[in-house]
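The values are calculated or read from the model by the stated rules, or taken from the named source; none is laboratory data. The structure displayed is predicted, hence computed values, not measured ones. Ideal geometry is used to build each Cβ from the backbone, glycine not excepted, and the neighbour counts take in all protein chains shown. Calculation scope for accessible area: heavy atoms of the full protein, side chains included, ligands and nucleic acids excluded. Shrake-Rupley method; radii C 1.70, N 1.55, O 1.52, S 1.80 Å.
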Amino acid sequence: MTVQDIHPSLAAMEIVCAETAAAPTAMVVFGASGDLAHRKLLPGLAQIRQRGLLSEHFCLLGCGRTEYSDEQFRQMAREALRKNAKGISDDTARSFIEGLYYVSGDYDDPALYQRLKDRLAELKARHRISGCDIFYLAVPPALYGRITEHLGAAGLSCKGEPECQQCARLVVEKPFGRDLQTATELNQILYRWFSEEQVYRIDHYLGKETVQNLMIFRFANGIFEPVWNRSHIDNVQITIAETLGVEHRASYYDQSGALRDMFQNHMLQMLALVAMEPPSSFDADRIRDEKAKLLRSIRPFEFDEWNSSFVRGRYGPGIVNGQHVPAYREERGVAADSTTETFVAARLFVDNWRWKDVPFYLRTGKRLARKDTEIAITFKQVPHSLFGSVGLDELPPNVLVFRIQPEEGMSLHFQAKRPGSKICMGTLNMSFAYKDVFHAEMPEAYERLLLDCMTGDQTLFTRFDSVDLAWRLLMPVLDAWQAGRTPLPEYPAGSESFPQADALPAADGRRWRRL
Ligand code: BG6
């Protein structure tokens, strides 16, 4: 395919791609009969094969409590690909499915891990795999520690064994702990058997194309970095708005809430990418050093200050996309006296030379008016308007928006002359949508992350120092909420916002961008 085939405007663009194919891999997926494997993991791996990047020496051993034979598991996988993978050829599907196997058992039974070990050895010999074993924990978080202990005890973790050092990797889904203490305890278990270089903590937002673009945008262009600071930027807003409610995940979500589910991980990671200093190289640890440094620079909340810095909310009944939906507390599986928040907004400051006193407004919520994930950088207004004589004293600021989803792209809003009378201007929106330029489907975040895990690239995975810093930052808020020291207002499902959330930027004379 030539560059012109992608889009005529890219005719002069030299596209430089660095894509490493996966090394030979044996992957064990715990929770292989579950939802995540069905919706994301199996389709993601098949897409990697379709792109020619999955090694021909690959096999996947599913593991779960559901009793399946290899053939039944393959049947389930066929169904998963049919429903959730796009553009997979019959040949690709067939070759991928031939490499799938299954063992069932109780995760607490040591005999399961012995069976797993024997089967893995047999399959690696059959598929001539000498590379890494990947253990993917697609199971409820309560099982992460227990499964890790069993893997270690069965001799499957390779930690410190020279002949297989770093050749076993552990992939852990979020949430990583539910507070600082549980995250630390879980990490201690992981470190008993795996080193940090072997642990891949997933934050699927980091696998999204437009989130990765943030780094390219900031550090592969010369024109933005000079204005990326407190002298030119007025405020930054990060929004993850969802129309979905709690769906079928009430048992997890009601114990979690928006702060733990979205804020501690996805939102703070995006903030880190927007605000961190340039790393010295595009190397996993150099990037993760900068992210940790940034998280460490977030101004801690003084006692009682959280009240003016954090707002929570919970959806009541309302109308979303034209449909009546019930209140959160009426959803199936949610406790009638639940105090779980489905919305959280915060105002943060980063205390360093670059960002001192620039407010970062972050908000995320379920059952809002629209699905909309974006990062908006609002620049300072011009210091003096030349156009006061025609009533244009206040010129709207420039805004640079990274649209993460659903319409991935970027836009820059600036003032321009409108044709006609001598002084007539308006805001022009210079917009770029990925789908218009790169006609191909946007790859799924999981596809990127699975491939990186197989190539041993930890750049898009969260290192424990970031996890630890994020929990430390949020503990005063969690404690205050737990003690019921802050209101939990209801917002009507389907609303854009609500007064308590609006009050946050309003206190600084600003407002949220419209969804
Ligand atoms: C998950 C959360 O991490 O992200 C969910 O657990 C949320 O509650 C989901 O719905 C949103 O992801 P995306 O990719 O649809 O924005």
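So here's what we get for this one:
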| item | result |
| --- | --- |
| Across 86/117; 117/208; 291/371; 86/174; 86/371; 40/366, pairs whose alpha-carbon gap is larger than 29 Å | 86/117; 117/208 |
| The chain: proportion of alpha-carbon pairs further apart than 36 angstrom, % | 37 percent |
| Accessible area in square angstrom per residue, region 129-253, 1.4 angstrom probe | 38 Å² |
| 10 Å binning of all Cα-Cα separations within region 408-515, expressed as whole percents from 0 upward | 10, 16, 26, 30, 14, 4, 0 |
| Solution diffusion estimate, µm²/s, Stokes-Einstein, region 2-156, Kirkwood Rh from C-alpha pairs, 20 °C, viscosity 1.002 mPa s | 128 µm²/s |
| Relative contact order (percent, whole number), region 319-389, Cα cutoff 8 Å, 6+ residue spacing | 23 percent |
| Point-charge dipole on Cβ atoms (K/R +1, D/E -1) for the chain, about Cα centre, debye to 20 | 880 debye |
| Rounded to the nearest 10 Å², the accessible area of residue 67 at probe 1.4 Å | 150 Å² |
| Contact order relative to length of region 133-268, as percent, for alpha carbon pairs under 8 angstrom and 6 or more apart | 22 percent |
| Heavy-atom accessible area order for 407, 242, largest first, 1.4 Å probe | 407, 242 |
| Computed over region 135-205: relative contact order in percent, which uses C-alpha pairs under 8 Å that are six or more apart | 39 percent |
| Projected label distance in nm at residue 255 and residue 429, using a 7 Å step from Cα toward the beta-carbon | 4.2 nm |
| Residue 98/residue 286 FRET efficiency (R0 41 Å; Cβ-Cβ; nearest 0.05) | 0.55 |
| Protection proxy ranking of 467-475, 123-131 - average other beta-carbon atoms within 10 Å, highest first | 467-475, 123-131 |
| Mean accessible surface per residue for region 398-484, computed with a 1.4 Å probe while every protein chain stays in place, in Å² | 45 Å² |
| Under Karplus coefficients 6.51, -1.76 and 1.60, residue-wise ³J(HN,Hα) of region 228-233 in Hz, glycine/proline x | 8, 6, 5, 6, 10, 9 |
| Alpha-carbon centroid distance for the pair region 254-268 / region 49-81, whole angstrom | 31 Å |
| Computed FRET value (nearest 0.05) for residue 442 with residue 35, which takes r as the C-beta separation and R₀ as 25 Å | 0.70 |
| Full-extension gain in nm, residue 277 to residue 117, via 0.36 nm per residue minus C-alpha separation | 53.2 nm |
| Residue 132 accessible area, 1.4 Å probe, all protein chains in place, Å² to nearest 10 | 10 Å² |
| Accessible surface of the chain, 1.4 Å probe, proportion on carbon and sulfur as whole % | 52 percent |
| Given charges at Cβ of Lys, Arg, Asp, Glu: the chain dipole, positive-most of 420, 301, 342 | 420 |
| Probe 1.4 Å, accessible area per residue of region 264-389, Å² | 43 Å² |
